[in-house]
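These notes are about the structure you will find just below.
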Amino acid sequence: MAVKALPAHVDTVIVGNGPSALILSFILHGNTPFYNPTSPHPDPILHKKLSESPCLLDVDVYDLTAHFAASRLFNSSQALPINVLLDTLIRPLADTVPEEYNTCLEWRLEPGKKVPHVVLGDTAQVGGQWADNPVSASWDIGALSYAEMLSLPGYSFEEHYKKTRDGAVPKFHRPTRREVAGYLAAYSEETGIQDSVYTNVEVGTIRRLHAGFHVGSHNITCRHLVLASGIFSNLIPPRPSLLPLHAVPRPNVLSDVPLLVVGSGFTAADVIISTPANRKIIHIFKWDPENRPSPLRACHPRAYPEYAGVYRRMKLAAKQVLGGSGNSSPLRRRKSNPFFAERDWDNFYEGLPNTYIKDVAVSGETAYVSLEIGDGTMLQRQISNMEYVIGRRGSLNYLDNSLAREVLGTLDETMNPRPAISGPTLRSRAEKSLELAPGVFAIGSLTGDSLIRFAYGGCVFAAREIMRRTDSTAATIGSAVHSPSEAPSIPTVPLGDQPETGHLDIVSTNGHSDLHLHRAMRSLSTDREISHMGQALLRTLYKHLFLRAPKVSPALSLFLPNDTQPFLSLPCHLPLPLLIIQLKARTKAPKNASSPFDERHKYIPRPSTLYTRRKKCRQEDKEQDPERNAYPAEEDELQDSRVRPAFFEVPELSALLAKSFFNARGAVENVGYEAGGVVRGKG
């Protein structure tokens with residue numbers, strides 16, 4: 001097969017060939033995203049605005065996303081607003097009621113908007129980090145994202161799965177790395193963008209020209225430069241004293257000499273999971289759950305049993321080595337986790353938290369390491385080889401110093417090599433604009449949003465600006481952006497304000513904020529999920545609204561038996577203001593209240609008070625009419641003003657609130673609590 005020749009001049013060069021680069025290439029081929037009003041978004045505000053201006057390349061992102069922070073319909077408060085916008089249009093309410101809504105976007109081919117460009121990646125096949133596996137981890141481990149979250153426009157993962165497997169994608173399927181890599185490898189040809197995609201291209205020495213940029217490694221000039229190289233291209237290297245361990249040859253898989261694994265995140269867990277069950281593992285990891293917890297801590301034991309299992313082994317090892325008390329054993333649910341049955345952990349796993357490798361001595365095909373545990377105890381272990389997997393970083397070394405200084409904002413040219421690029425490196429600049437320097441755009445994980453589902457927004461923004469400057473048409477996204485012929489300047493805030501995240505206890509999990517949830521349970525009416533974010537949010541509401549405000553007028557009042565502490569476990573389609581759990585706030589009916597209000601009850605009673613009142617009212621009814629059913633239907637009971645809580649100030653919603661009150665209460669009364677933030681129905 002002949003190798004495609006690179007053009008000498010092109011409008012746009014995209015560095016990287018991962019998912020974000022492919023999405024942008026798809027759009028630059030003339031595929032324009034439009035809002036489809038016949039498949040409306042559940043948010044009426046968003047639906048109304050987009051119905052009036054359906055082209056996503058012409059919208060005001062700030063105007064569309066201004067209400068997101070106050071709406072329960074948009075769960076991600078950490079992704080950039082434009083990424084949240086595109087994600088919710090492609091997969092409405094995917095985190096709360098998966099598969100209930102169809103996509104609200106349609107892609108229309110407009111050949112007149114096609115922009116000449118090239119996608120340059122250094123991997124052997126298209127896919128970026130998905131096509132590269134630098135550690136000894138299996139290609140058959142499930143991804144963190146579910147199948148529908150990994151689809152790109154024009155050719156979905158579901159279509160690829162049907163084509164290659166002759167069957168539909170199972171519900172809540174976590175594709176393996178092998179499946180995702182195969183999908184991305186086939187994507188360019190299936191969508192017809194293969195003419196612009198190049199592999200095995202090592203880009204370097206990119207510098208700014210007067211009217212664009214020059215890629216010195218391949219002598220290409222362009223008007224626009226898009227950085228899509230990501231933050232996962234390179235493993236963080238070990239310190240120099242550990243480099244001799246890399247010289248130790250990899251042993252046979254049946255070796256009885258232990259494997260040393262260093263790391264506390266997902267890659268370290270992947271290596272452990274991939275290691276044969278009869279091979280011993282020595283695992284050195286950082287343990288600081290209060291200040292810097294492992295991202296594995298967030299994994300739900302049913303949705304991610306392998307990662308939750310590794311974390312529990314780490315927790316048990318930390319307790320044994322470092323001491324400390326716990327309310328319960330970290331292995332108390334191991335019988336329900338199939339991952340524990342796959343290995344004799346007591347004999348083939350040794351966890352060493354906060355351990356320092358003091359010395360290394362290579363002896364033939366093995367090595368001896370001297371270890372110092374946190375309490376000063378010295379150990380010596382023989383190992384076959386080492387997997388040093390404490391994280392990955394990106395690199396912008398393909399930019400020359402002058403251009404790198406523009407992109408990063410500052411650069412210490414005396415440092416060699418340059419500092420690695422992580423998620424926070426460019427985040428503050430990306431929050432202001434994804435055009436980091438005049439004509440230079442960042443997309444994908446370089447912006448701080450590392451998930452494929454959150455790659456669309458940045459690609460739409462970059463494509464929008466590139467097309468505008470190429471065609472000098474269409475309206476602006478937010479503030480005006482100068483063309484290259486004008487004085488260079490960076491556009492101001494075209495993405496909308498970043499929603500406040502508060503001080504919630506969020507564990508960094510490579511962009512995943514929902515690993516603590518078991519999405520399959522969302523489809524069961526008797527199951528309820530309580531996220532750590534929901535608990536923290538409710539505590540904040542309770543503190544600031546219920547304890548401080550003397551007069552709070554709740555739209556809906558819910559409570560649990562026996563004065564138990566409130567928690568957030570409600571139907572996700574209702575806005576947050578309608579779901580506040582109110583216990584003590586005293587309220588009075590307004591003079592013009594149109595909703596029924598019992599003057600004898602001018603406050604929202606405590607749970608025990610209300611349940612006592614219900615019991616008393618039922619007893620009174622029984623005494624007055626022995627033939628009457630002492631347990632009337634909930635609809636009839638709602639009409640009894642002696643029992644019901646007060647609904648007012650929102651009379652047009654009274655019926656909805658009343659119905660929601662009893663529906664939610666009926667579910668709440670039948671729940672039990674399991675550690676880890678999960679509430680499941682007992683009935």
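The values are calculated or read from the model by the stated rules, or taken from the named source; none is laboratory data. These figures come from a predicted structure and were not determined experimentally. Note that we place each Cβ from the backbone using ideal geometry, even for glycine, and neighbour counts take in every protein chain shown. Areas reflect the complete protein model, heavy atoms only, side chains present, ligands, DNA and RNA absent. Shrake-Rupley method; radii C 1.70, N 1.55, O 1.52, S 1.80 Å.
Structure notes:
- Charged neighbours of residue 263, selected by a Cβ distance under 12 Å, balance to 0 (K, R count +1; D, E count -1).
- Sulfur and carbon atoms: percent of accessible area, the stretch 394-467 [1.4 Å]: 50 percent
- Other-chain or far-sequence residues with amide H under 5 Å of residue 55's (modelled H): 35
- Ranked order, 300, 9 - accessible area, probe 1.4 Å, largest first: 9, 300
- Residue-count net charge about residue 354 - beta-carbon cut-off 12 Å; Lys, Arg +1, Asp, Glu -1: -1
- In nm, spacing of pseudo-spin labels at residue 70 and residue 379 (7 Å Cα→C-beta vector): 5.5 nm
- Two-site label geometry, residue 45 and residue 427: point separation in nm, points 7 Å out along Cα→Cβ: 2.5 nm
- Coupling constants for the stretch 299-314 follow from the phi torsions by the Karplus curve (6.51 cos²θ - 1.76 cosθ + 1.60, θ = phi - 60°), and in residue order they are 6, 5, x, 8, 6, 10, x, 5, 6, 5, x, 5, 5, 5, 5, 5 Hz; glycine and proline get x.
- Full extension of the chain segment joining residue 189 with residue 302 gains 37.0 nm, where the gain is 0.36 nm per residue of separation less the Cα-Cα distance.
- Cleavage-rule hits, GluC sites (Glu not before Pro), the stretch 371-406, DSSP coil, Cβ neighbours within 10 Å at most 14: none
- Taking 0.36 nm per residue of separation and subtracting the Cα-Cα distance, full extension of the segment from residue 278 to residue 38 would add 80.7 nm.
- Legend: calculated FRET efficiency, residue 217 to residue 133, from the Cβ-Cβ distance at R0 = 25 Å, rounded to 0.05, equals 0.50.
- Interchain or long-range residues, amide H under 5 Å from residue 176's placed H: 143
- Rounded to whole numbers, the Karplus 3J(HN,Hα) couplings from phi for the stretch 259-273 are 9, 9, 10, 10, x, 10, x, 5, 5, 4, 5, 4, 5, 5, 4 Hz, using 6.51 cos²θ - 1.76 cosθ + 1.60 with θ = phi - 60°, and x at Gly and Pro.
- In this structure, the amide hydrogen of residue 387, modeled 1.01 Å from its nitrogen in the peptide plane, lies closer than 5 angstrom to those of 260, 261, 262, counting only residues at least 5 positions away or on a different chain.
- Shape of the stretch 1-157, Cα gyration tensor, a/c cut at 1.5: oblate
- Which of 345, 139 is most accessible, then next, and so on - probe 1.4 Å: 139, 345
- Other residues within the sphere of radius under 14 Å centred on the Cβ of residue 222, judged by their own Cβ, net out at +3 (K and R +1, D and E -1).
- Residue-normalised accessible area of the stretch 1-80, expressed per residue, 1.4 Å probe, Å²: 38 Å²
- Take the Cβ atoms of residue 395 and residue 347, set R0 to 45 Å, and the FRET efficiency comes out at 0.65.
- Placing a label point 7 Å from the Cα of residue 9 along the Cα-to-Cβ line, the residues of the stretch 181-225 whose backbone N sits under 15 Å from it are 209-215, 219-224.
- FRET efficiency for residue 292 and residue 247, using Cβ-Cβ distance with R0 set to 35 Å, rounded to 0.05: 0.65
- The HN-Hα couplings worked out from phi for the stretch 446-456 by the Karplus form 6.51 cos²θ - 1.76 cosθ + 1.60 (θ = phi - 60°) are 4, 7, x, 9, 8, 8, 4, 4, 9, 8, 5 Hz, whole numbers, x standing for Gly and Pro.
- The fraction of Cα-Cα pairs per 5 angstrom bin, counted from 0 for the stretch 83-181, comes to 2, 10, 16, 20, 19, 17, 10, 5, 1, 0 percent, rounded to whole percents.
- When the GluC sites (Glu not before Pro) in the stretch 52-119 are filtered for DSSP coil states and for at most 16 other beta-carbon atoms within 10 Å of their beta-carbon, the remaining sites are 99, 100.
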